[in-house]
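We did not get these values from a lab; they are worked out from the coordinates using the rules stated. All figures in this text were calculated on a predicted structure; none of them were measured in a lab. No Cβ is skipped: glycine too gets one built from the backbone with ideal geometry, and neighbour counts run over all protein chains shown.
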Amino acid sequence: MHRLTVDKIIANIRSEIPFEAVSEDYSFTLKIEEYAPYICGAVHDGHQFRKSLWDNCLHTAYDRWYEEDPCTKEMVREHPIVIAGCDSRFEYDLNRAPDTAIYKDAWGKQLWRDPLPEKEHHKSLDKHKAFYEVVHALMSQIERKYGKAIVFDIHSYNWKRWEREVPTWNLGTSNIDNSRFGDTVSSWCGKLEQMSLPNSIRSSSAVNDTFQGNGYFLKFITNNFDNTLVLATEIAKVYCDEHSGVIYPEVVRSVARHLQDLIPLQAEEFHKAND
């Protein structure tokens, strides 16, 4: 993996050069093995939290991990185009608009001991801006090449905090054109239910059950690219113990193997249905 500036990453994309890189500031990674008609994203995969913020943060490393989406990049890493955040959403949240990307409090608890200094604020927002400059360049290139694109926006959520039965997979669709893409949503929901997972985990799915798909990654792409569908796809954290932080690698690998088959199949269906 090469360390590249944002300008070089964008230049590679515009020239359709396959590459794998981490951004110069180590805030995100992008792998492009080939310029395929679909993209996988894991914007909340990151856990990095820069040292200049440590003493001012009231949340522990576990507090942060609990609200992040660990292993979501791992679940899609074998696909031809994968973009993922490296930094914790507690530093800046890639799935929020710039004006709300830096938390003052998080999940009912004040985040900063003292107000965040302006220089720290700007440093975080510069990373957010750079990420979306690359996303825009990437989506432009794929839409230009194929006329349309589909993005698998992979997240996870803490299912044990819910006091009712919740699905293994939740699709958030409130900000996409459901009259146009509803059949694709139904098809994707059905495919996710087909998974046979270890440890007697039942792979159920639902639409807009626990979350509605209000993330900025989805909104940014949807608002800027008329022919791209973003499928906000959340897996319950059945692949780990939310309370201890232990990861179940056999479940992560199983999900990854299933998605290795199901994502290209769904992408192919999408492109055929929208010719």
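Worth a mention:
- Residue separation of residue 63 and residue 140 scaled by 0.36 nm, minus their Cα-Cα distance, works out to 24.1 nm of gained length.
- Label-point separation, residue 1 to residue 114 (7 Å along Cα→Cβ), nm: 3.4 nm
- Remark on region 1-105: Rg and Dmax equal 14.8, 44 Å (Cα only).
- Modelled label reach - residue 125, point 7 Å along Cα→Cβ, region 12-55 residues with backbone N closer than 19 Å: 50, 53
- Based on the reciprocal of the average 1/r between different C-alpha atoms, the Kirkwood radius for region 176-241 equals 13.5 Å.
- Among 191, 145, the order by Cβ neighbours within 10 angstrom, fewest to most, reads 145, 191.
- Region 139-275: relative contact order as a whole-number percent, Cα under 8 Å and 6+ apart: 37 percent
- Structure note, pairs 148/219; 8/219; 8/73; 129/219; 127/219: Cα-Cα distances above 20 angstrom occur for 8/219; 8/73.
- log10 of Debye I(q)/I(0), alpha-carbon scatterers only, for region 158-272 at 0.19 Å⁻¹: -1.08
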